[in-house]
Amino acid sequence: MTTESHVKAPKNPPYDPRSVANLILELHQGPISNLKLQKLLYFSHGVFLTRTKTPLVSGYFEAWTHGPVHPAVYNAFKEFGAEPITSNALSKDVRTGELRELGVPDDNQVVRITRSTIDSFSDLSAGQLVRLSHAQNSPWDEVFRRSKSEHMLGLRISNDLILDRFRYHRLTACKLDEVDEPREDTPLAYHRFG
């Protein structure tokens, strides 16, 4: 993965989620799957949002089978399936179709919080991160429970919900013993209709 970019990232959050994903790939030691990248992105976003009251990434996360997923990042790396990601996300010029490198955020606070999140969570397996993202009363859990009784567009996890319930993600509150490792994530079926 390259650490140089031809495109400068914006100076202030929220950032393109693919740019932050590229930052995570740059900072993370060792191989990382799309599933694990999604959880590290979600936890980085949640920590940044709760500390600064500003979203780290633009767009939204959705409640998928194995926890929160940012669809733009999923699509950028879906070609890797469950295998380790070996290249950065690119952007596509809508006029020319040309693929370009995305810049990574160079904001010190963003890099510090992202690095701290990676340091805290990168030793956990993807399955353990999934279990942590499914913590009782967490944003994912709230959307999942609500989806059983009401129709929800895309099962989106709003930033307001993350601000309100992110505190339920505590390592000490979850049993993170060895778990069956999921390979890839899939969107949740709408329980009301399926």
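The values are calculated or read from the model by the stated rules, or taken from the named source; none is laboratory data. None of these values were measured; they are calculated from a predicted model. Virtual Cβ from ideal backbone geometry, glycine too; neighbours counted across all protein chains shown.
Among the residues of segment 116-135, those that are of a type in the set (Ser, Thr, Tyr) and either assigned to a helix (DSSP H, G or I) or within 13 Å of Leu27 (Cβ to Cβ) (or both) comprise Ser116, Thr117, Ser120, Ser122, Ser133. Filtered by the rule that a residue be within 18 Å of the chain's Cα centre (by Cα) and not in a helix (DSSP H, G or I), segment 92-110 gives Leu102, Gly103, Val104, Pro105. Checking Ile85, Ile113 one by one, the residue that is among the aliphatic types (A, V, I, L, M), within 19 Å of the chain's Cα centre (by Cα) and either modelled with pLDDT under 95 or in a helix (DSSP H, G or I) (or both) is Ile113 and no other.
What do you reckon, is Val143 buried (at least 19 other Cβ atoms within 10 Å of the Cβ) and over 15 Å from the mean Cα position of the chain (by Cα)? The answer is yes for Val143. Restricting segment 34-50 to residues that are more than 15 Å from Ala63 (Cβ to Cβ) and of a type in the set (Ser, Thr, Tyr) leaves a set whose member that is modelled with the lowest pLDDT is Thr50. The condition of being in contact with a Lys or Arg (Cβ under 7 Å, 6 or more places away or on another chain), under 21 Å from Ser120 (Cα atoms) and surrounded by 24 or more Cβ atoms within 10 Å (Cβ to Cβ) holds for only one of Gly46, Gly67, that being Gly67. Here Glu101 passes the criteria (1) under 28 Å from Arg51 (Cα atoms); (2) among the charged types (D, E, K, R); (3) touching a residue at least 40 places away in the same chain (Cβ under 8 Å) except the one numbered (1).
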